[in-house]
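Data first, discussion second: the structure below is written as structure tokens.
Every number in this text was worked out from the coordinates using simple rules, so none of it is lab data. Worth saying up front: this structure is predicted, and the values here are computed from it rather than measured. When we count neighbours, we look across all protein chains shown, and the Cβ atoms used for this are built from the backbone with ideal geometry, even at glycine.
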Amino acid sequence: MGKSIAELVGSAYENWYGENVFLDCGPDCGMESFVLEQVCPMAAATGKEILYLTNAGRMQAEKDRLDRADAEKVLRIMDYAEFEQMVQYHVAYDGQYDYIFVEDCRLLLESQREPAYSALIYDFLMQTERSAVILIGANAKGLQEYLLESGKLKRENLFVLADKSAPEQIVFVQKERGKSTGIKLAQELMAQHPGEGIAYFCGSKEKMRLAAKAFRTKASYFYGEDMPENTCRVRDGKLLFRQDVLVADGRSMKQGLCVQGMRHIIADLFDVDQILDCLNTLSREESICLYVIEYNGTQLRYLRGIYQAQAENLYWFEQMERGEGAEFMRRSQSPRFLAENPMFFIGQADEYGNCRFQVNSRQRAVCEIAIAVLNAIAEQGYRQWVMQALGGGGRARQMRLPKYMLEQKSRSELQTRIEAQCGKKLAGEELAFFRHYLCEKLGRQSISVSMANTLFEKLRLPYRVCSKKERARTSPYYNQHYWVFERI
């Protein structure tokens, strides 16, 4: 790796006061040395206090190893759950610490304890005015974009350490309607590259269920929420697989699993931070090819509409808190309101028997970040946005899936039927019956010779149809057309 975080920041940390700072860097950037050997001596000399939030033990281990007196005096290391409890019970207050370092800052938007109705730490840090909040994380592009767009982060306080290693090959595959684009791509790769490992990362339970149904015969291993225990094999933090395809929930990849032997990686995820998480779980011993399911303008506008509707309802809710929310109260009478707006939940009923609404601040932050990301994508384009997040060092190309896909069972049945007809003349009712069969299998209303050959080529079926004609036996004045299937 090139520069360390200490070389990148220089002496700028001496002037951080009551503002947000973002360090876009990974875990191996020398953060422990920077805090213990540079920030702590300065803080001890000027009478400042430092809080370091982390759920990992690297900083504490390095602190114990160096055993510096200034670090013991000014540095306090705490995990997220403990600090969340301090915020909840108002033990933590603004200005208590001069520097608050937040390692892996994406954890701010994840529940630390159950039940978690809000992002308490996130709200506290965004509202503080007398503490410098230093957010650390290489996989938080969405949060970074939102802070820049909202003015909570100045451009000069963004430090990006260029240590991301993009895959050698990046392929963008246009997302189709429905939820099966990634599954179709995996099936296509299995046909093109038999025996090579394929990892399919998806972002919803429905896609996991569809993948489980599609790859059931491949003895694949699945890892994710609500998946059967007998489909998951984990040993020493490594996910083991036996055959072609591994299907995993993108949200589960932050648990430190390491996937080995995969050459083709499919990222069926909108969140670019989850794509980075998936790449971090892969062993880079061999060159890999990353396939990114690319969202088009219509799909991005649909996502924007969802988040903007939630933001609009938040605006009406804030008006209601000021006594101006008649419109919000009218909308909230709909029984589908809470189901469609996870930004709100019902609190305890008041003395008049009416349920009182509260804001789910975690969902509000997720909504704000998603809108900021969609704004950035609208300016740069989805492909450029992903390439920039991955480091921009890979070679990108575009791939289109065949329009027609067949499951293995249907494919085998179709090949068996065609093989039985090879070399025979199909005419009259027999030809009409077989054409009707092909229409059902290939999803067509009618089929011609040229269309049949085109579909066979797209489906990689080793057959070709020839149309010929001969004098009909019943009359010397009419010709009879017939089909002949030939092997290629």
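In nm, what is the difference between 0.36 nm times the number of residues separating Gln85 and Lys425 and their Cα-Cα distance?
114.4 nm
Note down the nm distance, to one decimal, between modelled labels 7 Å out along Cα→Cβ at Glu7 and at Glu457.
5.4
Order by neighbour count: Cys29, Cys40, fewest other Cβ atoms within 10 Å first, most last.
Cys29, Cys40
Provide the net charge surrounding Cys466, with neighbours chosen by a C-beta distance below 15 Å and charges set as Lys +1, Arg +1, Asp -1, Glu -1. Could you put the intermediate results ahead of the total?
Values: positive: Lys424, Lys425, Arg435, Arg464, Lys468, Lys469, Arg487; negative: Glu457, Glu470, Glu486.
Result for the neighbourhood of Cys466: +4.
Once the piece of chain linking Tyr302 and Arg397 is laid out straight, how much longer is it, given 0.36 nm per residue of separation minus the C-alpha distance between them?
31.7 nm
Which order do Tyr302, Tyr52, Tyr482, Tyr307 fall in if you start with the one that has the fewest other Cβ atoms within 10 Å?
With the fewest neighbours first, Tyr302, Tyr52, Tyr482, Tyr307 line up as Tyr302, Tyr482, Tyr307, Tyr52.
May I ask you to compute the full-extension gain from Lys48 to Glu379, defined as 0.36 nm times their residue separation minus their alpha-carbon distance, rounded to one decimal in nm?
115.0 nm
Counting other C-beta atoms within 10 Å, which of Lys207, Lys409, Lys152, Lys175 has the fewest, and how do the rest follow?
Lys409, Lys152, Lys175, Lys207
In the calculated pair distance distribution of the stretch 408-487, what percentage of Cα-Cα distances lie above 18 Å? Don't jump to the answer; show the numbers that get you there.
Working: 1272 of 3160 pairs.
Beyond 18 Å sits 40 percent of the P(r) for the stretch 408-487.
In nm, to one decimal, how far is the modelled label at Gln415 from the one at Gln174, with both set 7 Å along Cα→Cβ?
It is 2.9 nm.
Separation between the Gln60 and Ser448 pseudo-spin-labels, each 7 Å from Cα along Cα→Cβ, expressed in nm?
Output for this residue pair reads 7.4 nm.
Can you give the percent of C-alpha pairs in the stretch 5-160 whose distance is more than 23 Å?
Cα-Cα pairs in the stretch 5-160 separated by more than 23 Å: 33 percent.
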